[in-house]
1. Does region 52-107 come out rounded, prolate or oblate by the C-alpha gyration tensor, with a ≥ b ≥ c the root eigenvalues, rounded set by a/c under 1.5 and, if not, prolate when a/b is larger than b/c and oblate if not?
2. Give me the distance in nm between label points sitting 7 Å out from Cα along the Cα-to-Cβ direction at Ala150 and Ala136, one decimal.
3. By how many nm would the segment from Leu300 to Ala56 grow when fully extended, if each residue of separation counts as 0.36 nm and the alpha-carbon distance is taken off?
4. Any idea what the relative contact order of the chain is, in percent, if you count C-alpha pairs under 8 Å spaced at least 6 apart?
5. To the nearest 20 debye, what charge dipole does region 256-395 have about its Cα centre, counting +1 at the Cβ of each Lys and Arg and -1 at the Cβ of each Asp and Glu?
6. Give me the dipole magnitude in Debye, nearest 20, for the chain about the Cα centre, with unit charges on the beta carbon: positive for Lys and Arg, negative for Asp and Glu.
7. Within 10 Å of each candidate Cβ there may be at most 16 other Cβ atoms; applying that plus a DSSP loop requirement, which chymotrypsin sites (Phe, Trp or Tyr not before Pro) in region 197-296 survive?
8. Taking the alpha carbon gyration tensor of the chain, what are the square roots of 5 times its eigenvalues, largest first, to the nearest whole Å?
Amino acid sequence: MTDTAKSQASNAMWGGRFAAGPDAIMQAINASIGFDQRLYAQDIRGSRAHAAMLAATGILTHNDAEAIGEGLLTVLSEIERGDFPFSVALEDIHMNVEARLKEIIGEPAGRLHTARSRNDQVATDFRLWVRDQCDAAVSGLRALIGALLAQAESGAGWVMPGFTHLQTAQPVTWGHHMMAYVEMLGRDMGRFADARARMNECPLGAAALAGTSFPIDRHMTAEALGFDRPMANSLDAVSDRDFALEFLAASAICATHLSRLAEELVIWSSAQFRFVAMSDKWSTGSSIMPQKRNPDAAELIRAKIGRILGAAVALFTVMKGLPLAYSKDMQEDKEQVFDAADTLMLALAAMEGMIGDLTVNRDRLEAAASSGFSTATDLADWLVRAAGLPFRDAHHVTGTLVARAEAKGCDLPELSLEEMQAVHPAITSEVFGVLGVHNSVASRQSYGGTAPDQVRAQIARWKQRIG
């Protein structure tokens, strides 16, 4: 098709209302084909379902519907081969597909748009695309959870320091720490699944905003496209972008979790911590300092939340003041979602790779867990259980013992029994049974605690859940 013909086709789309085409600036701001061509598969799928329904309800002849269906498959094949000439003059994916369909099958192509509008068409296409992205996100999360489970299982009994305020708090296990992220990402899976279930209603058949006078069967098209039901209000159907906002919100929360894990990998891989080492696949060197191994992949994942959260804020801002039903502002809904989806999937895949290749320095973890008076709470708990002290009194006694150990430059288990009894006479030699880091983690038997057998029970539960 020549540029003149494309311009004429674009003008004809407006039903003769305008005598001349838009100038170059208007064309540039109005056209969306540069990004909405990503919806081609969903657009063709929706059009084929619509044509089949039009034939089933007698609105379209079966011969025309068959020609349309076959012609659309030809268009799909051309796009997938990279042979399709997308035209800015035709504005969007819908008109590009329809114009090419007319070149292939002729006059029947003009009947495809009966009983629908680009408003319900794009709402359907976009909803189908976001629904697919929810499925992709769940799949990516499942793979990352699998990598974390493997790490947790390997280190279910490896002792490491647990932190609050990034200060040594109590001993935990490596497996327990990994499982904390499994729980976070599991909630992310639930958010994407919930969003998918909520968005699984079909806008097609709402037409421009008020429905249509043609005797269409919206339940038929909804079923053909895998939706649970048609949307119940035609105004809502064409103006709703909650599904995109909810996808972005779930993506932002998920990216926040990935960023937290990435931050820990950056800290843990530093020379000051040396808890883990990342493989060469996920590290880079310095252009000037030959000793450096930089955790660039983790740092980039840590930064991705900015793009994803920015996309959510952008779309919330677009939608916040729009009256019903469709406004051209809503053309700005797709680029943010496309970018956020791409960014999230890349971050999930990179994190899965890093966790899978991660080398853990078990000895360094245990040495760090044994420092910083990490078993002080165990001492306080023992004083409550064995000596009958109120917890606040036990807390005070323990604090005094920590101060003495700190003054001596030793840890709590290195204080003698006599030194401890000088602070409180009820302390017996049995206290040393709770002060070691392995004894500490083994005692945390409450549900969800860090004891290795509790960690292994949670690993087994999650393995069963993700299959």
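1. Cα axes put region 52-107 in the prolate bin.
2. 2.3
3. Taking 0.36 nm per residue and subtracting the Cα distance, the gain is 82.6 nm.
4. The value is 16 percent.
5. 200
6. Roughly 400 debye, rounded to the nearest 20.
7. Sites meeting the loop and neighbour criteria: Phe273.
8. 62, 23, 18
Where a number appears in this text, it was derived from the coordinates with a stated rule and is not lab data. All figures in this text were calculated on a predicted structure; none of them were measured in a lab. Positions of Cβ are generated from backbone atoms using ideal geometry, with glycine treated the same way; all protein chains shown enter the neighbour counts.
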